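Participant: Here's a structure for you.
Every number in this text was worked out from the coordinates using simple rules, so none of it is lab data. The model shown is predicted, which means the values in this text are computed figures rather than measured ones. Cβ placement follows ideal geometry from the backbone for every residue including glycine, while neighbour counts extend to all protein chains displayed.
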Amino acid sequence: MPGYQALHESGELARRAERAYALLRDCTVCPQECHVDRLAGETGFCRSGSLPIVSSYGPHFGEEPPLVGRNGSGTIFFAHCNMRCIFCQNYEISQCRGGAAISCEDLAEVMLQIERRGCHNINFVSPSHFIPQILRAVDIAAAQGLGIPLVYNSGGYDSADSLRLLDGVVDIYMPDAKYGRDDVALALSKAPDYVERMQAALREMHRQVGDLVVEDGIAVRGMIVRHLVLPENLASSEVVMRFIAEELSRDSYVNVMAQYRPAWKAAEGGMEPAFTALQRPITAAEYRYAVRCAMESGLHRGFFQ
């Protein structure tokens, strides 16, 4: 029985959802802490109100192999974001007001549809600003028998307090660890205090689920950390890898990602001189450096790109 099923049966999941919804009235769901009343229709940085906003959903085969398996990861792409990355490859979803607002009942039905299609998990993509709605939808879906693992797939800019409401609900955390420097995170993603917030969030995630556990090739529990290599090491990969190894676990599963390419505003030019390197893809040497940082820190799982 999934952990969220037991929480549903005890009534604790419904109580968690109520506590999470209370955060929306003076919103502190994510680290932006906008203090707007989303229940009254006000919107803050994420430009989202009381309803979940979904861009698309269905089996996805482009995720990490332990999530995809044979039948795919059942991704639910939430619209909008609590960051504004100038190089975002999904900017039409995250920053251009795409998607449709749906009820939590409809979100629960989407999850059940994904399970019926044979996907190995429910993969919530960009969920940080919709934690209350996710909790309520999971409670509704659990009442109808949902029984596959839940994946929380975020940019790493999460509130540790909000994540505690997901303890026992989420089976697999898959956060980004984007940056090792706050000034770069603020300039490129409008994410104040990113490093401190990300590190606190990843510690909480790891406390809840531990290192990745794979059974018959499929992830069932644990944590996958993603790190996107940026040109000229703007992501400070050595800082990120050292944190993962020393403060989480040397058995952490880390995906060192090589797919950076100029997109969104990074492709338009006109940026500060310190960031003009973002107008080109990374080099093979830049990627090898990030992998070497991981290995020299004692990490040994992942790096498969």
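Per-residue answers, yes or no, for (1) within 24 Å of VAL239 (Cβ to Cβ); (2) surrounded by fewer than 20 Cβ atoms within 10 Å (Cβ to Cβ); (3) of a type in the set (Phe, Trp, Tyr); (4) over 18 Å from the mean Cα position of the chain (by Cα):
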residue	(1), (2), (3), (4)
MET83	yes, no, no, no
GLU115	no, yes, no, yes
VAL125	no, no, no, no
GLY147	no, yes, no, yes
PRO175	yes, no, no, no
LEU188	yes, no, no, no
GLU196	yes, yes, no, no
ALA201	yes, no, no, no
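Participant: A further question follows. State yes or no: is ARG226 within 20 Å of the chain's Cα centre (by Cα), within 21 Å of GLY156 (Cα to Cα) and either surrounded by 16 or more Cβ atoms within 10 Å (Cβ to Cβ) or of a type in the set (A, V, I, L, M, F, W, C) (or both)?
Facilitator: yes
Participant: Can you find, within the range 135-145, the residue that is farthest from ARG197 (Cα to Cα) among those that are surrounded by fewer than 24 Cβ atoms within 10 Å (Cβ to Cβ) and aliphatic (A, V, I, L, M)?
Facilitator: Across the range 135-145, the extreme among qualifying residues is ALA143.
Participant: Just wondering, is there one or more residues in the range 51-61 that are under 18 Å from ARG117 (Cα atoms), β-branched (Val, Ile, Thr) and in contact (Cβ under 8 Å) with a residue 24 or more places away in the chain? Please lay out each step first, then the result.
Facilitator: Let us first name the residues in the range 51-61 that are under 18 Å from ARG117 (Cα atoms), namely 56-61.
Filter once more, keeping what is β-branched (Val, Ile, Thr): none.
No; the residues of the range 51-61 include none that is under 18 Å from ARG117 (Cα atoms), β-branched (Val, Ile, Thr) and in contact (Cβ under 8 Å) with a residue 24 or more places away in the chain.
Participant: Do we find that GLU272 is touching a residue at least 60 places away in the same chain (Cβ under 8 Å) and surrounded by fewer than 18 Cβ atoms within 10 Å (Cβ to Cβ) in this structure?
Facilitator: yes
Participant: Out of everything in the range 1-19 that is without any contact (Cβ under 8 Å) to a residue 12 or more places away in the chain and not acidic (Asp, Glu), what residue ends up being nearest to ASP161 (Cα to Cα)?
Facilitator: Step by step, filter the range 1-19, then rank; the result is ARG15.
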